[in-house]
């Protein structure tokens, strides 16, 4: 019988930390030396960018939870290895300050060690995100 992949435990804990501001479970699934990067427009969203260490990542998750609520997410594609995971996803969020809906597409690449997140890279569709944040279409 196969054990549950680390991605599933981490994902559930992350969504609880964001939507319910319950980060106790999330702490369990993050390595002390985690290397975390969310690539996106840090000028508009200061919680994006690179962080190192569990405390810094938990702080980023707290900041995200103060800015958005996750309503729905759909995995478009998923690849799992023994200690790795990658997926393309679509998220439906609400900006808490304006109550505006945000639809976001992203890709993530993660590595786990002993069931804990060791490394993650998240690439956001920045064009779509900025257009929604600024309230209008952007021309490429």
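Bear in mind that the values in this text are calculations on the coordinates, not laboratory data. None of these values were measured; they are calculated from a predicted model. Note that we place each Cβ from the backbone using ideal geometry, even for glycine, and neighbour counts take in every protein chain shown.
In table form, for the structure just shown:
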| item | result |
| --- | --- |
| Distance between modelled label sites at residue 27 and residue 91, nm, 7 Å Cα→Cβ extension | 2.3 |
| Degrees, to the nearest 10: 6-19 long Cα axis against longest axis of the chain | 40 |
| Ranked 102, 18, criterion: other C-beta atoms within 10 Å, fewest first | 102, 18 |
| In nm, spacing of pseudo-spin labels at residue 42 and residue 12 (7 Å Cα→C-beta vector) | 3.3 |
| Shape category assigned to region 1-138 from the gyration tensor of Cα positions, a/c cut at 1.5 | prolate |
| Potential lengthening between residue 4 and residue 100 on full extension [0.36 nm per residue; Cα-Cα distance subtracted] | 31.0 nm |
| Fewest-first ranking of 79, 88, using other Cβ atoms within 10 Å as the exposure measure | 79, 88 |
| Structure-based [θ]222 nm, the chain - -39500 (n - 2.57) summed over DSSP H runs of at least 4, per residue, nearest 500 | -8500 deg cm²/dmol |
| Cα-based shape type of region 74-138, given that a ≥ b ≥ c are square roots of the gyration tensor eigenvalues and the cut on a/c is 1.5 | prolate |
| Mean separation of Cα contacts under 8 Å, 6 or more apart, over the residue count of region 53-103: relative contact order % | 31 |
| Order of 27, 43, 66 - criterion: other Cβ atoms within 10 Å of each residue's Cβ, fewest first | 43, 66, 27 |
| Cα→Cβ-extended label distance, 7 Å offset, between residue 123 and residue 52, nm | 2.4 |
| Helix 54-65 axis, angle to the chain major axis (alpha carbon atoms, nearest 10°) | 40 |
